[in-house]
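Peer 1: First the structure, which I've put down as C-alpha coordinates, then a few questions once you've had a look.
The values are calculated or read from the model by the stated rules, or taken from the named source; none is laboratory data. Everything numeric here is computed off the predicted structure, so don't read it as measured data. Here Cβ is always computed from backbone atoms with ideal geometry, including for glycine, and neighbour counts include all displayed protein chains.
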Amino acid sequence: MGHPDGQSSNLAAGRPVDIHGSFFYPRHLLLLAGFGVWLGITARPPLSDNLSASSVLYGALHASALVFALRARQPFWRKCLFIVAAAGLTLAALRVGMGEMQLSATLAPGMLSGYAALYAAVGFSAATGAVAYGILIRLFGMYRLTMRSLAMISLGCLLATYIALFILVHVHALGRWWLAVLWWYAFSGGLWYYDRRRPS
(Lines give C-alpha, C1' and ligand atoms only; values in the text may rest on other atoms or scores of the structure.)
Protein backbone atom coordinates (compact mmCIF):
# COMPACT_ATOMS: atom_id res chain seq x y z
CA MET A 1 0.00 0.00 0.00
CA GLY A 2 3.03 2.27 -0.24
CA HIS A 3 3.59 5.17 -2.59
CA PRO A 4 6.97 4.52 -4.25
CA ASP A 5 6.77 7.55 -6.57
CA GLY A 6 6.33 9.92 -3.64
CA GLN A 7 9.09 8.21 -1.68
CA SER A 8 11.45 8.30 -4.67
CA SER A 9 10.88 12.03 -5.21
CA ASN A 10 11.56 12.70 -1.54
CA LEU A 11 14.78 10.69 -1.68
CA ALA A 12 15.85 12.35 -4.92
CA ALA A 13 15.35 15.73 -3.29
CA GLY A 14 17.45 14.70 -0.32
CA ARG A 15 14.44 14.33 2.01
CA PRO A 16 14.48 10.96 3.78
CA VAL A 17 11.15 9.19 4.05
CA ASP A 18 9.82 7.65 7.25
CA ILE A 19 8.74 4.20 6.02
CA HIS A 20 7.37 3.18 9.41
CA GLY A 21 5.05 6.02 10.34
CA SER A 22 3.69 7.10 13.70
CA PHE A 23 1.60 3.98 14.25
CA PHE A 24 1.91 0.21 13.96
CA TYR A 25 -0.59 0.10 11.13
CA PRO A 26 -0.91 -3.71 10.86
CA ARG A 27 -1.89 -3.79 14.54
CA HIS A 28 -4.24 -0.85 14.07
CA LEU A 29 -5.99 -2.46 11.10
CA LEU A 30 -6.27 -5.80 12.89
CA LEU A 31 -7.93 -4.09 15.83
CA LEU A 32 -10.33 -2.29 13.52
CA ALA A 33 -11.12 -5.56 11.76
CA GLY A 34 -11.78 -7.25 15.10
CA PHE A 35 -14.07 -4.46 16.24
CA GLY A 36 -15.87 -4.49 12.90
CA VAL A 37 -16.41 -8.27 13.00
CA TRP A 38 -17.72 -7.99 16.56
CA LEU A 39 -20.18 -5.28 15.53
CA GLY A 40 -21.26 -7.27 12.49
CA ILE A 41 -21.71 -10.58 14.32
CA THR A 42 -23.63 -9.13 17.24
CA ALA A 43 -25.68 -6.99 14.80
CA ARG A 44 -27.16 -5.22 17.82
CA PRO A 45 -24.20 -4.33 20.02
CA PRO A 46 -24.63 -2.87 23.49
CA LEU A 47 -26.18 0.61 23.42
CA SER A 48 -27.22 0.16 19.76
CA ASP A 49 -30.82 1.24 20.42
CA ASN A 50 -29.60 4.69 21.42
CA LEU A 51 -28.19 6.66 18.50
CA SER A 52 -26.05 8.93 20.69
CA ALA A 53 -24.69 6.05 22.79
CA SER A 54 -23.84 3.92 19.75
CA SER A 55 -22.07 6.91 18.19
CA VAL A 56 -19.95 7.30 21.32
CA LEU A 57 -19.15 3.58 21.18
CA TYR A 58 -17.98 3.77 17.56
CA GLY A 59 -15.75 6.75 18.30
CA ALA A 60 -14.24 5.08 21.34
CA LEU A 61 -13.50 1.87 19.40
CA HIS A 62 -11.58 3.63 16.64
CA ALA A 63 -9.68 5.76 19.14
CA SER A 64 -8.78 2.62 21.12
CA ALA A 65 -7.46 0.95 17.97
CA LEU A 66 -5.36 4.05 17.35
CA VAL A 67 -3.82 4.52 20.80
CA PHE A 68 -2.91 0.84 21.11
CA ALA A 69 -1.05 1.09 17.79
CA LEU A 70 0.87 4.24 18.69
CA ARG A 71 4.65 3.91 18.32
CA ALA A 72 5.58 6.70 20.72
CA ARG A 73 4.99 6.00 24.38
CA GLN A 74 2.35 8.02 26.16
CA PRO A 75 1.02 7.76 29.73
CA PHE A 76 -1.98 5.51 30.16
CA TRP A 77 -4.10 8.39 31.46
CA ARG A 78 -3.33 10.37 28.31
CA LYS A 79 -4.45 7.49 26.11
CA CYS A 80 -7.67 7.20 28.11
CA LEU A 81 -8.23 10.95 27.80
CA PHE A 82 -7.80 10.72 24.02
CA ILE A 83 -10.37 7.92 23.80
CA VAL A 84 -12.86 9.90 25.86
CA ALA A 85 -12.23 13.04 23.78
CA ALA A 86 -12.62 11.12 20.51
CA ALA A 87 -15.90 9.60 21.71
CA GLY A 88 -17.12 13.07 22.63
CA LEU A 89 -16.15 14.41 19.20
CA THR A 90 -18.10 11.61 17.52
CA LEU A 91 -21.17 12.55 19.51
CA ALA A 92 -20.65 16.23 18.69
CA ALA A 93 -20.35 15.42 14.96
CA LEU A 94 -23.60 13.45 15.16
CA ARG A 95 -25.37 16.36 16.83
CA VAL A 96 -24.00 18.75 14.20
CA GLY A 97 -25.37 16.53 11.44
CA MET A 98 -28.77 16.28 13.10
CA GLY A 99 -28.83 20.03 13.61
CA GLU A 100 -27.96 20.59 9.96
CA MET A 101 -30.87 18.36 8.92
CA GLN A 102 -33.29 20.24 11.14
CA LEU A 103 -32.00 23.60 9.90
CA SER A 104 -32.43 22.54 6.28
CA ALA A 105 -35.98 21.43 6.98
CA THR A 106 -36.73 24.76 8.65
CA LEU A 107 -35.14 27.10 6.10
CA ALA A 108 -36.10 25.18 2.96
CA PRO A 109 -39.10 22.96 3.72
CA GLY A 110 -39.94 20.66 0.85
CA MET A 111 -36.78 21.57 -1.09
CA LEU A 112 -34.97 18.34 -0.22
CA SER A 113 -36.39 14.84 -0.32
CA GLY A 114 -36.00 12.61 2.70
CA TYR A 115 -33.04 10.77 1.21
CA ALA A 116 -31.34 13.97 0.02
CA ALA A 117 -31.63 15.52 3.47
CA LEU A 118 -30.31 12.31 5.02
CA TYR A 119 -27.30 12.20 2.68
CA ALA A 120 -26.56 15.88 3.33
CA ALA A 121 -26.73 15.50 7.11
CA VAL A 122 -24.75 12.26 7.32
CA GLY A 123 -22.11 13.52 4.88
CA PHE A 124 -21.69 16.80 6.72
CA SER A 125 -21.33 14.91 10.00
CA ALA A 126 -18.77 12.51 8.53
CA ALA A 127 -16.64 15.28 7.02
CA THR A 128 -16.65 17.62 10.02
CA GLY A 129 -16.01 14.68 12.34
CA ALA A 130 -12.95 13.69 10.32
CA VAL A 131 -11.51 17.21 10.46
CA ALA A 132 -12.12 17.52 14.21
CA TYR A 133 -10.65 14.07 14.83
CA GLY A 134 -7.54 14.89 12.82
CA ILE A 135 -7.06 18.08 14.84
CA LEU A 136 -7.45 16.08 18.05
CA ILE A 137 -4.77 13.62 16.89
CA ARG A 138 -2.46 16.56 16.25
CA LEU A 139 -3.23 18.18 19.62
CA PHE A 140 -2.33 14.95 21.41
CA GLY A 141 1.02 14.84 19.61
CA MET A 142 0.32 11.59 17.75
CA TYR A 143 0.75 12.91 14.23
CA ARG A 144 0.86 16.42 12.76
CA LEU A 145 -1.73 16.33 9.99
CA THR A 146 -1.51 19.28 7.60
CA MET A 147 -4.56 21.20 6.42
CA ARG A 148 -4.22 19.61 2.97
CA SER A 149 -4.08 16.08 4.34
CA LEU A 150 -6.98 16.85 6.68
CA ALA A 151 -9.06 18.07 3.75
CA MET A 152 -8.28 14.98 1.66
CA ILE A 153 -8.96 12.58 4.53
CA SER A 154 -12.22 14.39 5.20
CA LEU A 155 -13.19 14.00 1.54
CA GLY A 156 -12.35 10.29 1.69
CA CYS A 157 -14.52 9.86 4.79
CA LEU A 158 -17.35 11.73 3.05
CA LEU A 159 -17.20 9.45 -0.02
CA ALA A 160 -16.93 6.30 2.11
CA THR A 161 -19.93 7.38 4.16
CA TYR A 162 -22.01 8.02 1.03
CA ILE A 163 -21.10 4.58 -0.31
CA ALA A 164 -21.93 2.96 3.04
CA LEU A 165 -25.24 4.83 3.27
CA PHE A 166 -26.21 3.89 -0.29
CA ILE A 167 -25.58 0.22 0.49
CA LEU A 168 -27.38 0.49 3.83
CA VAL A 169 -30.47 1.99 2.18
CA HIS A 170 -30.68 -1.06 -0.11
CA VAL A 171 -29.52 -3.72 2.37
CA HIS A 172 -31.50 -3.05 5.52
CA ALA A 173 -29.99 -6.06 7.29
CA LEU A 174 -26.85 -4.00 7.84
CA GLY A 175 -26.98 -1.73 10.87
CA ARG A 176 -25.54 1.68 11.68
CA TRP A 177 -22.26 -0.06 12.50
CA TRP A 178 -21.72 -0.39 8.72
CA LEU A 179 -21.44 3.39 8.36
CA ALA A 180 -18.95 3.56 11.23
CA VAL A 181 -16.72 0.77 9.93
CA LEU A 182 -16.36 2.21 6.42
CA TRP A 183 -15.64 5.63 7.94
CA TRP A 184 -12.97 4.00 10.16
CA TYR A 185 -11.16 2.52 7.19
CA ALA A 186 -11.42 5.70 5.12
CA PHE A 187 -9.90 7.78 7.92
CA SER A 188 -7.22 5.25 8.84
CA GLY A 189 -6.36 4.65 5.19
CA GLY A 190 -5.85 8.36 4.67
CA LEU A 191 -3.82 8.64 7.85
CA TRP A 192 -1.61 5.74 6.75
CA TYR A 193 -1.12 7.26 3.30
CA TYR A 194 0.02 10.65 4.53
CA ASP A 195 2.01 9.26 7.45
CA ARG A 196 4.05 7.01 5.16
CA ARG A 197 4.77 9.87 2.74
CA ARG A 198 6.05 12.34 5.31
CA PRO A 199 9.78 13.18 5.44
CA SER A 200 11.58 11.95 8.56
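Peer 1: Got at least one residue in the range 118-132 being of a type in the set (Phe, Trp, Tyr) and either surrounded by 19 or more Cβ atoms within 10 Å (Cβ to Cβ) or within 18 Å of Leu51 (Cα to Cα) (or both)? Steps first, answer last, please.
Peer 2: Restricting attention to the range 118-132, the residues satisfying the condition of being of a type in the set (Phe, Trp, Tyr) are 119, 124.
Keeping just the survivors that are either surrounded by 19 or more Cβ atoms within 10 Å (Cβ to Cβ) or within 18 Å of Leu51 (Cα to Cα) (or both) gives 119, 124.
There is at least one residue in the range 118-132 that is of a type in the set (Phe, Trp, Tyr) and either surrounded by 19 or more Cβ atoms within 10 Å (Cβ to Cβ) or within 18 Å of Leu51 (Cα to Cα) (or both).
Peer 1: Looking only at residues that are of a type outside the set (A, V, I, L, M) and surrounded by 17 or more Cβ atoms within 10 Å (Cβ to Cβ) in the range 51-78, which one is farthest from Gly123 (Cα to Cα)?
Peer 2: Taking the range 51-78 first, the residues of a type outside the set (A, V, I, L, M) are 52, 54-55, 58-59, 62, 64, 68, 71, 73-78.
From the residues that got through so far, the ones that are surrounded by 17 or more Cβ atoms within 10 Å (Cβ to Cβ) too are 54-55, 58-59, 62, 64.
Numbers: Ser54: 18, Ser55: 15, Tyr58: 17, Gly59: 16, His62: 19, Ser64: 24 Å.
Here the answer is Ser64.
Peer 1: Then there is this: Residues of the range 141-200 being touching a residue at least 60 places away in the same chain (Cβ under 8 Å) and among the β-branched types (Val, Ile, Thr), which ones?
Peer 2: Within the range 141-200, Val181 is the sole residue that qualifies.
Peer 1: Still on this structure, I have one more. Going by what's in this entry, would Ala87 be described as surrounded by 18 or more Cβ atoms within 10 Å (Cβ to Cβ) and either of a type in the set (S, T, N, Q) or at pLDDT 90 or above (or both)? Full working, then the answer.
Peer 2: On the way: surrounded by 18 or more Cβ atoms within 10 Å (Cβ to Cβ): yes; either of a type in the set (S, T, N, Q) or at pLDDT 90 or above (or both): yes.
Against the criterion (surrounded by 18 or more Cβ atoms within 10 Å (Cβ to Cβ) and either of a type in the set (S, T, N, Q) or at pLDDT 90 or above (or both)), Ala87 qualifies.
Peer 1: Looking at the range 114-200, what helices (runs of 4 or more DSSP H) fall wholly within it and have at least 3 residues that are out of contact with any strand residue (DSSP E or B) (no Cβ under 9 Å at 6 or more places or on another chain), more than 22 Å from Ala65 (Cα to Cα) and of a type outside the set (Val, Ile, Thr)?
Peer 2: Working: elements: 114-139, 147-170, 177-197.
Ranges flagged: 114-139, 147-170.
Peer 1: For the range 133-177, enumerate the residues that are surrounded by 17 or more Cβ atoms within 10 Å (Cβ to Cβ) and small (Gly, Ala, Ser).
Peer 2: Answer for the range 133-177, where residues must be surrounded by 17 or more Cβ atoms within 10 Å (Cβ to Cβ) and small (Gly, Ala, Ser): Gly134, Ser149, Ser154, Gly156, Ala160, Ala164, Gly175.
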